[in-house]
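Down below is the structure, laid out as structure tokens.
What follows is calculated from the coordinates using simple rules that are stated; it is not laboratory data. What you see is a predicted model, and the numbers here were worked out from it, not measured in a lab. Virtual Cβ from ideal backbone geometry, glycine too; neighbours counted across all protein chains shown.
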């Protein structure tokens, strides 16, 4: 009964979304307040109905309702409760329902917190957001219905993909979708502004919180996915430039560019056209990511391999929204005249450089991701574009961004002097250079990647700290430092997080050590200053899997520091093996051990890595997300204050 009610609620939400898409837009065009006012309650009702439908599907997974086809294909009665819940979105149909739920959530939040927006702009934003929801409601109901019943329910289900039965992957998709779908709000604001023919500083101030929230969620989602790949897949890496990884990384790059260009619109009323274009492209790349994952074009552990008809439907959504928005953008380009004038050396110019580097780096990733598919489709050639290409083509842009970031942040608006900004950063540069030279002197016979990465990361971190301190004035004090706006602190923390991530990736790549051998019981071996001993291997039974578990003693300087238990698991229901690495996590390094197969001549294959600074990658990502959250809290306060002033002073002229 609950399942039928959930299906019915989904259909009702679809109908409400159609009403919200049409009525407020007509009202905004005709200046009819009653019709425009329909958008807000419709957005709330749409979210509540979709939330009920999603809760009904989740309840079916929790209770193992095997009369539902989706539960049969993606669950099992012996599965732990966490993975029964995450099984709700660990499949194509359920994840699309989560996608639509988040679309309606953002629309409802725009209705709840958009009181400071001009009525016509608010109505049009909610109308465009509803149009996005209509497209995906139609996709779900007509091609991917999660509420289909089984004619003859089986006794038990077929289980969820074992690789997805992990805490990291349980929380990774919701955060990633919050980022993907959050960019739909920036898109809705851009299209609404194009329809109105007006982009001003207020628009830049309104669009920034939504973009910042999406960027924060994308950062967390990408970090969770990277962390999962590191410890779960057993190959010891945190990023493989997989097409599905790239599908989330490209919108992240464009969202970062959009954040910085929106600052210029808000502060100087410049870069209007470029900012609108970025808002369209950022959400467009989110749709491209959805198409890559769900079209069946590729096979990946991250992908939902489905029939091409669904891919064509998503491609149609991509074409309608992105193509339609770009057409409207071309038609309205003359209405977005820039007002602010600035010199070649200014913060505006630095932000333009930031945007160019981020946008071009996104284009590089896009070409590398799509070119094998294009070559196979049009030239009948099978090509592989892997990490060597991406590392060589993408890294220079990140190096350039890292070098320019501290200088750009120190430049004043409108007009500045590069020499003055560089002089203010002299101590930060000297300290970063000293750290890089120290790393160079301490390492022997290795590449310059580690020292250069340390210099670049330290330059970004120290430069951010100098920029924050400079905002306390000539007579800076700690009391004034802690009274600075949260947006200033947020920028510093986020930039420092990027610097730490840059250094950690460079250090890991340069200083990692690897060892693969056949280990015999009780015979110690050395890897990177550590002594490891395979003490035993036993068969262990888990909740819904069978495991071959090894015990490896880890020592340093004759002192035992850990007993590691790498595993090889087999899930009988899914008939799929997985590798569970054992990792000794420490602040400055990880020792990463993977057990392989038993050898005919005795012993077991053991793969060992010593990975320096790995945890600093996740620390840097967390700091970036924390910085964004700090800025977001400050920005919400300012928007609310602006709304209060607007209400106090009256409604602006349309």
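Observations
- Annotation: extensible slack from residue 148 through residue 29 equals 38.8 nm (criterion: 0.36 nm per residue apart, minus Cα-Cα distance).
- Burial order of peptide ranges 179-186, 213-220 (average beta-carbon count within 10 Å, highest first): 179-186, 213-220
- Subtracting the Cα-Cα distance of residue 535 and residue 113 from their residue separation scaled by 0.36 nm leaves 145.9 nm.
- Given their separation in residues at 0.36 nm each and the Cα-Cα distance between them, residue 138 and residue 509 gain 129.0 nm when the chain is fully extended.
- Overall form of segment 136-209 per C-alpha gyration tensor (a/c, 1.5; a/b vs b/c): oblate
- With R₀ set to 30 Å, the beta-carbon distance separating residue 418 from residue 201 gives a calculated FRET efficiency near 0.65.
- Peptides 576-589, 371-384, 605-618 ordered by average Cβ neighbours within 10 Å, highest first: 605-618, 576-589, 371-384
- Virtual paramagnetic centre 7 Å along Cα→Cβ of residue 77, amide N under 18 Å, in segment 535-563: 543-545
- Taking 272, 339 and counting other C-beta atoms within 10 Å, the order from fewest to most: 339, 272
- FRET efficiency estimate (nearest 0.05) - Cβ-Cβ, residue 62 to residue 480, R0 60 angstrom: 0.70
- Three-way shape call for the chain based on the alpha-carbon gyration tensor, with the a/c threshold at 1.5: oblate
- Computed E for residue 326/residue 393 - FRET, C-beta separation, R0 41 angstrom, nearest 0.05: 0.95
- Label-to-label distance, nm, for residues given as residue 403 and residue 384 (7 Å Cα→Cβ offset): 3.3
- Computed [θ] at 222 nm, deg cm²/dmol, the chain (DSSP H ≥ 4; -39,500 (n - 2.57); rounded to nearest 500): -22000 deg cm²/dmol
- Backbone N under 17 Å from the residue 588 label point (7 Å along Cα→Cβ), restricted to segment 421-451: 435-444, 450-451
- Relative contact order of segment 1-165, defined on C-alpha pairs under 8 angstrom at six or more residues apart (%): 36
- Three-way shape call for segment 1-165 based on the alpha-carbon gyration tensor, with the a/c threshold at 1.5: prolate
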